[in-house]
Amino acid sequence: NGDNFVVGRTLGAASLGLYNRAYMLMNVPYTYAASAMTAVLFPAFAQIQDERARLQRGYLLLTRLAGIVAAPTLGTLAIGAPHVVPALFGPQWTGAVVPLQILCLAGYFRALYHIGGVVAQSVGRVYADLWRQFIYAFLVIAGTLVGSRYGLAGVAVAVDVAILYMFAATSQLALGATGLSWRSYFRA
């Protein structure tokens, strides 16, 4: 929530409302698909943590499922944002369109990086994941401070950069925990 704090303090309440709506819409695939899958699969991954082949198959399957939901949802949302935002919230919210479109670019990776975190935690790499979370939080806050100089579009770009970092860092952690290669992961 550091981005919300920075936006509210630097750009004001109206901008915070616009940013909040944009982020909320970008977050839809994670909220409804990835979070449900990860909540159910954490105990399953923990039970098979010593069975590397099953853990690999489960991680890749979950990645595919999240991608199947997130990619078309976020692509459609980014393209349709000029129509979706006013239809859902009214014409006074059109200032959320550009930040939403920018956030949708990294939203796909946001849906995926949580899966890597679940895998890492289920095999006991909690502290390694925690360090990545601290760096991510720092990047969100520092990036938002810099990005706020360029308005909500700058904030959205900064948050995208932080999300891409978290995707790469968490994926690397999960791949190390499962013994998978980047090639097999990208194929999934």
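The values are calculated or read from the model by the stated rules, or taken from the named source; none is laboratory data. Since we're looking at a predicted model, the values are computed, not measured. Cβ: placed from backbone, ideal geometry, glycine included. Neighbour counts: every protein chain shown. In case anyone asks, the SASA skips ligands and DNA or RNA and just uses the protein heavy atoms, side chains included. Shrake-Rupley method; radii C 1.70, N 1.55, O 1.52, S 1.80 Å.
The simple spin-label model puts a point 7 Å past each Cα toward its Cβ; for residue 146 and residue 187 those points are separated by 3.7 nm. Specify whether the C-alpha gyration tensor of the range 43-134 places it in the rounded, prolate or oblate class, a ≥ b ≥ c being the square roots of the eigenvalues: rounded for a/c under 1.5, otherwise prolate if a/b is larger than b/c and oblate if not. Note, shape of the range 43-134 comes out prolate. For the chain, carbon and sulfur atoms together expose 65% of the accessible surface, with a 1.4 angstrom probe and every protein chain in place. Derived value for the range 111-170: Kirkwood hydrodynamic radius 11.9 Å. Basis is the mean of 1/r over every pair of different alpha-carbon atoms.
How big is D, in µm² s⁻¹, for the chain by Stokes-Einstein at 20 °C and 1.002 mPa s if Rh is the Kirkwood radius over C-alpha pairs?
Roughly 126 µm²/s, to the nearest whole number.
Once the Cβ-Cβ distance of residue 134 and residue 87 is raised to the sixth power relative to R0 = 25 Å, the FRET efficiency obtained is 0.05.
A cut-off under 15 angstrom between Cβ atoms defines the neighbours of residue 27, and their net charge, with Lys, Arg +1 and Asp, Glu -1, is 0. Axis of helix 13-26 versus longest Cα principal axis of the chain: the two differ by about 40°, to the nearest ten degrees.
Each of residue 79 and residue 153 was given a label point 7 Å from its Cα along the Cα-to-Cβ line. The distance between the two points is 2.2 nm.
Could you sort 90-96, 119-125 so that the peptide with the highest average Cβ count within 10 Å comes first and the rest follow in order?
So the order, starting with the most tightly packed, is 119-125, 90-96.
Summing +1 for each Lys or Arg and -1 for each Asp or Glu among the other residues whose beta-carbon sits under 13 angstrom from that of residue 121 gives +1.
Think of a 1.4 Å ball rolled over the protein heavy atoms: the chain then has 50 Å² of accessible area per residue.
Residue by residue, the range 69-80 carries 3J(HN,Hα) couplings of 7, 6, 4, x, 5, 6, x, 5, 5, 5, 5, x Hz when phi is fed to the Karplus relation 6.51 cos²θ - 1.76 cosθ + 1.60 (θ = phi - 60°); x denotes Gly or Pro. Computed from phi, the 3J(HN,Hα) profile of the range 176-183 under the Karplus parametrisation 6.51, -1.76, 1.60 (θ = phi - 60°) reads x, 6, 9, x, 7, 9, 4, 4 Hz, with x in place of Gly and Pro.
How much length would be gained if the chain were fully extended between residue 9 and residue 126, taking 0.36 nm per residue of separation minus their Cα-Cα distance, in nm to one decimal?
Answer, rounded to one decimal: 38.9 nm.
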